[in-house]
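Colleague: Would you mind keeping the following structure in view while I ask a few things?
The values are calculated or read from the model by the stated rules, or taken from the named source; none is laboratory data. Predicted, not measured: the structure shown is a model, and the values here were computed from it. Reconstructed Cβ throughout: ideal geometry from the backbone, glycine too, with neighbour counts over all protein chains shown.
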Amino acid sequence: MAVAGEQAGLADASATRILLVDDDADLCELMHEYLTGRGLSVEIAEDGRRGLARALAAEHDLILLDVMLPGLDGFELLRQLRRRSPVPVIMLTARTAPEDRVAGLDGGADDYLPKPFGPEELVARIRAVLRRSGKVAAPPEMIEVMGVRLYPGKREVTVDGILLETTTTEFDLLEILVRSAGRTVSRRELTAVLYQRQVSPFDRVLDVHVSHLRKKLGGHEDLIRTVRGVGYQFCAEPAGAVER
């Protein structure tokens, strides 16, 4: 996999440390896998009191903070944190009332992202907050695998130099697969990250999006390989027989 303009991405990405404070174990697992795949180091705290203790340890570059937490809610955690630390905080919550957003921002949050959210929007907001804090530059300019080029900043895809028209979900799906090239990504992971919900045995939405992507890739459609009973894999090198 080639990543052009890597110096324009997360500055020393391996050292960019995220603390995720959220009591949803499944969501934490999925976010951990997705964010670490983007070059971020992620630590998880599943209750407010531990989250505050870890945040005050001054070992992280940014905090992702849920509002509804056991032990200590996110608003109180933020209030106590702000008395002693300027570490950037993005609040993640299903509470979308204007007064909740105002409370979070007035309490010292750097951004406020309502659930459900798309994975690329989260990463874009992380980058934006880190840029404002002087810890990161612009996003990577280009990722290339097997002739497929993705430009995350512009959200564009080209195949052999030809621009493809993709929907928001198709681009997000393709980026996850390309960044994980050579590794099988489970249906559960893809569905949870893309649609913020659990997969069911009768859910064919993901398959429809994969089918559309394959058609748009044209002669490169076999790059998206079906791993029966598990999920999908983007081929990192030329392959022989491909299971469809």
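Colleague: Pull up the range 189-228, narrow it to residues that are in a loop (DSSP other than H, G, I, E, B) and in contact with a Lys or Arg (Cβ under 8 Å, 6 or more places away or on another chain), then point me to the one that is modelled with the lowest pLDDT.
Modeller: Among those that are in a loop (DSSP other than H, G, I, E, B) and in contact with a Lys or Arg (Cβ under 8 Å, 6 or more places away or on another chain), it is VAL199.
Colleague: Which pairs have Cβ atoms under 6 Å, sit 6 or more apart or on different chains, and link a residue in the range 30-56 that is over 13 Å from GLN80 (Cβ atoms) to one that is charged (D, E, K, R) and modelled with pLDDT of 90 or more?
Modeller: Cβ pairs passing all conditions: SER41/ARG17; ALA45/ARG54; GLU46/ASP23.
Results for (1) under 16 Å from the mean Cα position of the chain (by Cα); (2) without any contact (Cβ under 8 Å) to a residue 60 or more places away in the chain; (3) surrounded by 15 or more Cβ atoms within 10 Å (Cβ to Cβ), shown as yes or no for each residue.
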position: VAL157; (1), (2), (3): no, yes, yes
position: VAL178; (1), (2), (3): yes, no, yes
position: VAL185; (1), (2), (3): yes, yes, yes
position: VAL205; (1), (2), (3): no, yes, no
position: LEU213; (1), (2), (3): no, yes, yes
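Colleague: Something else now. Only residues that are among the basic types (Lys, Arg) and surrounded by 16 or more Cβ atoms within 10 Å (Cβ to Cβ): list them for the range 20-49, please.
Modeller: ARG38
Colleague: Let me ask something additional. May I ask you to list the residues in the range 139-193 that are polar (S, T, N, Q) and out of contact with any Gly (no Cβ under 7 Å at 6 or more places or on another chain)?
Modeller: Residues satisfying the conditions are THR158, THR166, THR167, THR168, THR169, THR191.
Colleague: Just to be sure before I move on: is GLY108 touching an Asp or Glu at 6+ places or on another chain (Cβ under 6 Å), farther than 30 Å from ARG188 by Cβ and modelled with pLDDT under 90 in the structure I sent?
Modeller: No; evaluated as a whole, the condition is false for this residue.
Colleague: Can you find, within the range 9-19, the residue that is farthest from PRO70 (Cα to Cα) among those that are at pLDDT below 65 and buried (at least 16 other Cβ atoms within 10 Å of the Cβ)?
Modeller: Within the range 9-19, the match that is farthest from PRO70 (Cα to Cα) is GLY9.
Colleague: Under the condition of being assigned to a loop (DSSP other than H, G, I, E, B) and at pLDDT 90 or above, which residue from the range 136-155 is surrounded by the fewest Cβ atoms within 10 Å (Cβ to Cβ)?
Modeller: GLY147
Colleague: Now a separate question. If I ask for residues that are modelled with pLDDT under 85 and among the polar types (S, T, N, Q), which ones from the range 60-105 would you list?
Modeller: THR93, THR96
Colleague: Hey, another quick one. Inside the range 15-57, can you point out the residues that are within 23 Å of ILE143 (Cβ to Cβ), assigned to a strand (DSSP E or B) and among the small types (Gly, Ala, Ser)?
Modeller: Matches in the range 15-57: SER41 only.
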